[in-house]
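Comments concern the structure below.
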Amino acid sequence: MHNVRLDSVDATPRPLLAIGTDYAPGTLLDFHVHRRAQMLYAMTGLMEVETDDGAWVIPPYSGVWIPAGKRHRVRMQSASTRSLYIEPEAAPRRSTHCEVLVITPLLHHLLLASLALPALYEENGRDGALAQLLLHEVGLAHTMPLFAPIPQDCSLAALCKAFLGQPNIQSTPEQWAKQLNKSLRSFTRLFRQQTGMSFSEWRQQACLLTALTKLSAGQSVTQIALDLGYDSASAFSTMFRRRLGQAPSNFIRVP
């Protein structure tokens, strides 16, 4: 199915619905929820996902798992997508929060083939076998560390959201503690309690998310490094390679 509204087929008695959708640059799908779980795959372009729990960036040829009932919004950067909408009882993943998924070559081609699946496919035929294999492969998919959690504490959450809008690796916990009128020790303890990460880990993750968006937009590695406050392009590239296992210049690619 191509460019079909989910609500027009959501009640179809099948565990999986496959829909391909094309989006104009900058399209914002504001906060909403799905009755079904969703595996959203970016064939082209980049997606930015936000929930009440945090923010994710999903580069091309990667996917994001969105649990059933999870409130979320998505900004599409010239994205052409494939979505699998899955009945909660058939969901192959049990995570209660979003996950960025590594899409294997096999899953990539299965998602390409899924465009031909009708809503009311024959469960005992080839289409049913394709649906079952899709569910199996989604369940096996590995995750990528492309997540920056948002605290529940309102004051700290405001600082985190502002930082996500303009991240800088030179920002220090001392500066944040001062803005919150806390001692460094109290701030450090609060930050880990609220995010499950140290401040330095979260700061690096937030910079990585922004770097992926800028890479997708075609910005140079050197300019991205400078914008994020790194001393050099090599320092930024070392961090990127350590976190994602490859150089930034090689990250956006066809599987």
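The values are calculated or read from the model by the stated rules, or taken from the named source; none is laboratory data. It should be emphasised that the depicted structure is a prediction, and the values quoted were computed from it without experimental measurement. All Cβ positions, even for glycine, are placed from backbone atoms using ideal geometry, and neighbour counts span all protein chains on display.
Structure notes:
- Hey, Ser186 in a helix (DSSP H, G or I), in contact (Cβ under 8 Å) with a residue 12 or more places away in the chain, at negative phi and surrounded by fewer than 16 Cβ atoms within 10 Å (Cβ to Cβ) or not: no
- Residues of the stretch 100-147 satisfying the condition of being part of a loop (DSSP other than H, G, I, E, B), touching a strand residue (DSSP E or B) at 6+ places or on another chain (Cβ under 9 Å) and over 30 Å from Glu201 (Cβ atoms): Leu117, Ala119, Tyr121
- Top-ranked residue in the stretch 158-183 [being in contact (Cβ under 8 Å) with a residue 24 or more places away in the chain and within 30 Å of Pro60 (Cβ to Cβ); ranked as nearest to the chain's Cα centre (by Cα)]: Leu164
- Some residue of the stretch 215-223 being exposed (fewer than 12 other Cβ atoms within 10 Å of the Cβ), at pLDDT 90 or above and part of a helix (DSSP H, G or I): yes
- Failed condition for Phe187, given (1) within 17 Å of Pro59 (Cβ to Cβ); (2) touching a Pro at 6+ places or on another chain (Cβ under 7 Å): (1)
- Leading residue by the ranking (modelled with the lowest pLDDT) among those in the stretch 6-64 that are among the aromatic types (Phe, Trp, Tyr) and assigned to a strand (DSSP E or B): Trp56
- Hits in the stretch 167-183 (condition: surrounded by fewer than 16 Cβ atoms within 10 Å (Cβ to Cβ), out of contact with any Cys (no Cβ under 8 Å at 6 or more places or on another chain) and among the polar types (S, T, N, Q)): Gln170, Thr172, Gln175, Gln179, Asn181, Ser183
- Top-ranked residue in the stretch 84-99 [being without any contact (Cβ under 8 Å) to a residue 60 or more places away in the chain and assigned to a loop (DSSP other than H, G, I, E, B); ranked as nearest to Val57 (Cα to Cα)]: Cys98
- Scope the stretch 65-83; condition of a type outside the set (A, V, I, L, M, F, W, C) and assigned to a strand (DSSP E or B); matching residues: His72, Arg73, Arg75, Gln77, Ser78, Ser80, Thr81, Arg82, Ser83
Residue by residue, here is whether (1) closer than 21 Å to His108 by Cα; (2) out of contact with any Cys (no Cβ under 7 Å at 6 or more places or on another chain); (3) surrounded by fewer than 17 Cβ atoms within 10 Å (Cβ to Cβ); (4) among the acidic types (Asp, Glu) holds:
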{"position": "Met47", "(1), (2), (3), (4)": "yes, yes, no, no"}
{"position": "Glu50", "(1), (2), (3), (4)": "no, yes, no, yes"}
{"position": "Pro59", "(1), (2), (3), (4)": "yes, yes, no, no"}
{"position": "Gly63", "(1), (2), (3), (4)": "yes, yes, no, no"}
{"position": "Gly69", "(1), (2), (3), (4)": "no, yes, yes, no"}
{"position": "Arg75", "(1), (2), (3), (4)": "no, yes, no, no"}
{"position": "Arg82", "(1), (2), (3), (4)": "yes, yes, no, no"}
{"position": "Tyr85", "(1), (2), (3), (4)": "yes, yes, no, no"}
{"position": "Ala91", "(1), (2), (3), (4)": "yes, yes, no, no"}
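- Top-ranked residue in the stretch 193-207 [being without any contact (Cβ under 8 Å) to a residue 40 or more places away in the chain and farther than 22 Å from Met47 by Cα; ranked as surrounded by the most Cβ atoms within 10 Å (Cβ to Cβ)]: Phe199
- Residue check, Ala113 among the small types (Gly, Ala, Ser) and either buried (at least 16 other Cβ atoms within 10 Å of the Cβ) or in the same structural domain as Pro13 (by TED's automatic domain parsing) (or both): yes
- Meets criteria (closer than 20 Å to Leu46 by Cα, assigned to a helix (DSSP H, G or I) and β-branched (Val, Ile, Thr)) for Thr210: yes
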